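> Here you go, one structure.
The values are calculated or read from the model by the stated rules, or taken from the named source; none is laboratory data. The structure displayed is predicted, hence computed values, not measured ones. Heads up, the Cβs are rebuilt from the backbone with ideal geometry, glycines too, and the neighbour counts pull from every protein chain shown.
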Amino acid sequence: MRDLPHSKVIQQVEDVLVAERALLITGDFKALERLEADKEKVIAAIRPMSERDLQELSHLRGLAEHNQQLFKQALKGIQDVADRLESIRKIGETIDTYDQTGRRISVETQQSKALEKRA
């Protein structure tokens, strides 16, 4: 890839960044993982470019920064879901209430994990 003309390398970088953005928006994390190898190849091809050549890449900086923000938002979304699932799981295990001084406390319930059968 290093022998390609700089314009071809720049186009490949842009193609990878656009594909990455689309995958982030759709939430296709498996495909993002597969795209990682292509991304590493184009980054390796950019490194030997001169300072003049790198100035041509400035328009790609915006794409990369936008993708970085999408990555951060996706990670936050995943963490929010994990937190919500944890709070749902805890609903049957504890009850949140307040003590005499007004402080919030959690009281564990004695609820059985066995399935209750009713006639």
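> Take K41 and tell me if it is part of a helix (DSSP H, G or I), of a type in the set (D, E, K, R) and either at pLDDT below 90 or more than 14 Å from the chain's Cα centre (by Cα) (or both). Write out each step before concluding.
Working: part of a helix (DSSP H, G or I): yes; of a type in the set (D, E, K, R): yes; either at pLDDT below 90 or more than 14 Å from the chain's Cα centre (by Cα) (or both): yes.
Judged against the criteria, K41 is a match.
> Report yes if some residue within the range 49-66 is within 25 Å of the chain's Cα centre (by Cα) and of a type in the set (D, E, K, R); otherwise report no. Step through it out loud before you land on a result.
To start, the set of residues in the range 49-66 that are within 25 Å of the chain's Cα centre (by Cα) comprises 57-66.
Remaining after also requiring of a type in the set (D, E, K, R): 61, 65.
Within the range 49-66 (the criterion being within 25 Å of the chain's Cα centre (by Cα) and of a type in the set (D, E, K, R)), the answer is yes, since at least one residue qualifies.
> Spot the failing condition for P5; the list is (1) at pLDDT 90 or above; (2) exposed (fewer than 12 other Cβ atoms within 10 Å of the Cβ), and only one is missed.
Checking P5 against (1) at pLDDT 90 or above; (2) exposed (fewer than 12 other Cβ atoms within 10 Å of the Cβ), the one that fails is (1).
> Okay, next question. In the range 64-119, which residue that is modelled with pLDDT of 80 or more and assigned to a loop (DSSP other than H, G, I, E, B) is farthest from E40 (Cα to Cα)?
Q100
> Could I ask something else about it? Any residue in the range 1-16 that is in a helix (DSSP H, G or I) sitting within a Cβ distance under 9 Å of a residue that is basic (K, R) and at pLDDT below 75? List the pairs, counting only those 6 or more apart or interchain.
That search, which allows pairs on different chains as well, returns V9/R2.
> Could you tell me which of the residues E93, E108 is of a type in the set (D, E) and surrounded by fewer than 10 Cβ atoms within 10 Å (Cβ to Cβ)? First the steps, then the outcome.
Numbers: E93 fails: surrounded by fewer than 10 Cβ atoms within 10 Å (Cβ to Cβ).
After applying the criteria, what remains is E108.
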